[in-house]
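Before any comments, here is the structure.
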Amino acid sequence: AAAPMESGAGVGTPPCSPPSHPPAMEADDFQFVLCEGCRQESPDLKLLTCLHTLCLNCLSEKKPVGQCPVCQTAIPQASGIPDMDNLLYKNLQAKLSIYKKIRDDGGPSCSRCRKETATVWCSECEEFLCSKCFEDHQWFFKKRSHEARRVEELRAESAHRFLEDSRKSCNLFCSSPGHANQGHISSIYCPTCEKAMCCSCALLDSQHTSFRDIRAESRRRQEELSAMTRELKRNRSGFEAAYAELQDEAARLERAQREMRELIEQRVEQLVRWIRREQEELLGLVEARQEQGRQELARELRRVEGVLQRMEAGERLVEKMNLYGTEQEVMDMQPFIKDSLQELRRLQPAAAGERLQPGDLAECRARLQAL
Ligand SMILES: [Zn+2]
Ligand SMILES: [Zn+2]
Ligand SMILES: [Zn+2]
Ligand SMILES: [Zn+2]
Ligand SMILES: [Zn+2]
Ligand SMILES: [Zn+2]
């Protein structure tokens with residue numbers, strides 16, 4: 001039904017006709033008919049068991065295949081392509097494109113002769129018709145009852161209203177082989193077979209019982225779905241609470257990890273500072289011990305040297321006295337020298353073990369091991 005558009009303002013449109021001011025196309029209101037993966041129109045919209053709607057392209061291209069690209073629910077079909085078409089959205093896309101043609105500048109051109117500007121839309125033939133072609137349309141007895149509406153009138157309608165109206169004029173055809181083609185309209189529903197059928201099918205087959213009106217059945221099904229969504233709304237609050245809880249939990253986890261990281265860093269810094277202090281203290285201690293050891297050794301050296309010098313002096317004095325001393329000198333000096341030599345004799349060099357260990361580093365070693 002895609003007729004090429006006439007260029008310009010459209011032949012046959014009176015130039016003086018006042019431009020109607022129909023409501024703006026509520027483009028955003030009808031985003032829902034697009035594929036939920038690529039946000040594009042597509043004639044192959046599939047309905048998944050998760051009730052997301054995706055085009056064939058998205059289902060075969062978005063990796064990983066075999067699951068819903070929106071909510072990751074698995075697709076049971078081995079091919080990864082669901083069996084169910086989203087007829088509703090697919091048909092709405094088609095109806096919206098008709099509506100767009102109606103709203104196009106200059107209006108749609110006739111789907112039959114493709115020359116004139118269309119004046120009428122027949123929703124049952126799904127055709128735009130110019131006045132001339134509409135006359136031909138009316139010539140057919142069967143088509144005379146078709147609900148044809150003036151394009152002018154439709155232009156003034158909102159998209160919402162257009163879709164609503166086209167819903168009313170839509171018929172359900174009999175599913176028996178051949179009947180749909182012959183235009184048999186289903187008006188009867190058999191609850192046993194769960195099938196819609198035309199009057200002749202219902203009358204011809206005695207198996208069908210307790211018929212219902214198809215409109216009543218359709219309404220009942222709609223109401224059943226509405227009741228289920230109302231019930232689900234109650235479940236929803238539970239899931240929303242769980243969602244909020246999980247988010248809290250995630251935030252808590254994040255916070256706890258951050259705090260732990262900070263704690264580790266603080267503690268390590270503390271330890272490093274303490275270790276550095278300990279290092280300085282130990283180096284200071286080594287320095288002090290070294291200094292102390294040096295002084296102790298020097299003192300001991302001086303003491304031993306002093307003893308050796310005294311021994312040398314004693315030996316020299318005794319030797320010289322033997323060589324040159326008079327009796328008088330010996331008598332006078334001998335007791336004094338004897339006392340001194342006796343004192344010298346009492347002196348002993350300190351044994352290796354007794355000597356104070358100069359510069360003892362044992363304390364340093366112990367503290368180093370305790371770190
Ligand atoms: Zn898509
Ligand atoms: Zn999904
Ligand atoms: Zn025509
Ligand atoms: Zn028609
Ligand atoms: Zn039938
Ligand atoms: Zn039946």
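The values are calculated or read from the model by the stated rules, or taken from the named source; none is laboratory data. Given the structure is predicted, the values throughout are model-derived calculations rather than measurements. So basically every Cβ, Gly included, is an ideal-geometry build from the backbone, and we count neighbours across all protein chains shown. The area values use the complete protein model at the heavy-atom level, side chains included, leaving out ligands, DNA and RNA. Shrake-Rupley method; radii C 1.70, N 1.55, O 1.52, S 1.80 Å.
Quick one: would you say Cys113 is within 16 Å of ligand 6 (Cβ to nearest atom) and assigned to a loop (DSSP other than H, G, I, E, B)?
When the stated conditions are applied, Cys113 does not pass them.
Taking the condition of being among the charged types (D, E, K, R), open to solvent by 40 Å² or more (accessible area, probe 1.4 Å) and in a loop (DSSP other than H, G, I, E, B), how many residues in segment 147-190 meet it?
In the first step, residues of segment 147-190 are kept if they are among the charged types (D, E, K, R); the result is 147, 149-150, 152-153, 155, 157, 161, 164-165, 167-168.
Going one step further and asking which of them are open to solvent by 40 Å² or more (accessible area, probe 1.4 Å), we end up with 147, 149-150, 152-153, 155, 161, 164, 167-168.
Subset that is in a loop (DSSP other than H, G, I, E, B): 147.
Total meeting the criteria: 1.
Where the second residue is of a type in the set (Gly, Ala, Ser) and assigned to a helix (DSSP H, G or I) and the first is without any contact (Cβ under 8 Å) to a residue 60 or more places away in the chain and lies in segment 295-317, which pairs have Cβ atoms under 6 Å and are six or more apart or on separate chains?
none
State which residue pairs qualify: first residue more than 17 Å from Cys110 (Cα to Cα) and inside segment 130-143, second residue within 16 Å of ligand 5 (Cβ to nearest atom) and among the acidic types (Asp, Glu) in any location, beta carbons under 6 Å apart, and separation of 6 or more residues or different chains.
none
Among the numbered criteria (1) closer than 24 Å to Gln182 by Cα; (2) in a loop (DSSP other than H, G, I, E, B); (3) in contact with a helix residue (DSSP H, G or I) (Cβ under 7 Å, 6 or more places away or on another chain), which single criterion is violated by Trp121?
(2)
Does Pro76 meet the test of being outside the structural domain of Ser145 (by TED's automatic domain parsing), open to solvent by 70 Å² or more (accessible area, probe 1.4 Å) and not aliphatic (A, V, I, L, M)?
Yes; evaluated as a whole, the condition is true for this residue.
Taking segment 289-325 as the region of interest, how many residues are surrounded by 14 or more Cβ atoms within 10 Å (Cβ to Cβ) and closer than 19 Å to Leu361 by Cβ?
Qualifying residue count, segment 289-325: 6.
Residues checked against (1) in contact with a helix residue (DSSP H, G or I) (Cβ under 6 Å, 6 or more places away or on another chain); (2) without any contact (Cβ under 8 Å) to a residue 12 or more places away in the chain; (3) within 16 Å of ligand 1 (Cβ to nearest atom):
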position: Tyr189; (1), (2), (3): yes, no, no
position: Glu194; (1), (2), (3): no, yes, no
position: Met197; (1), (2), (3): no, no, no
position: Ser200; (1), (2), (3): no, no, no
position: His208; (1), (2), (3): yes, no, no
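For segment 139-153, check the following and say yes or no: at least one residue is small (Gly, Ala, Ser) and within 16 Å of ligand 3 (Cβ to nearest atom). Before the answer, list the steps.
To start, the set of residues in segment 139-153 that are small (Gly, Ala, Ser) comprises 145, 148.
Retained after the next criterion (residues that are within 16 Å of ligand 3 (Cβ to nearest atom)): 148.
Yes.
Residues being of a type in the set (A, V, I, L, M, F, W, C), within 11 Å of ligand 5 (Cβ to nearest atom) and part of a helix (DSSP H, G or I): count how many of those fall in segment 191-221.
Residues flagged as of a type in the set (A, V, I, L, M, F, W, C), within 11 Å of ligand 5 (Cβ to nearest atom) and part of a helix (DSSP H, G or I) within segment 191-221 amount to 5.
Of the residues Leu344, Leu317, Leu356, which is at pLDDT below 95 and in a helix (DSSP H, G or I)?
None of the other options fit; the residue is Leu344.
Give segment 131-146 a look and list any residue that's in a helix (DSSP H, G or I) and open to solvent by 90 Å² or more (accessible area, probe 1.4 Å), or say none.
Answer for segment 131-146, where residues must be in a helix (DSSP H, G or I) and open to solvent by 90 Å² or more (accessible area, probe 1.4 Å): Lys132, Glu135, Trp139.
Ile188 passes all but one of (1) in contact with a Phe, Trp or Tyr (Cβ under 9 Å, 6 or more places away or on another chain); (2) on the phi > 0 side of the Ramachandran plot; (3) within 16 Å of ligand 6 (Cβ to nearest atom); which number fails?
Ile188 satisfies all of (1) in contact with a Phe, Trp or Tyr (Cβ under 9 Å, 6 or more places away or on another chain); (2) on the phi > 0 side of the Ramachandran plot; (3) within 16 Å of ligand 6 (Cβ to nearest atom) except (2).
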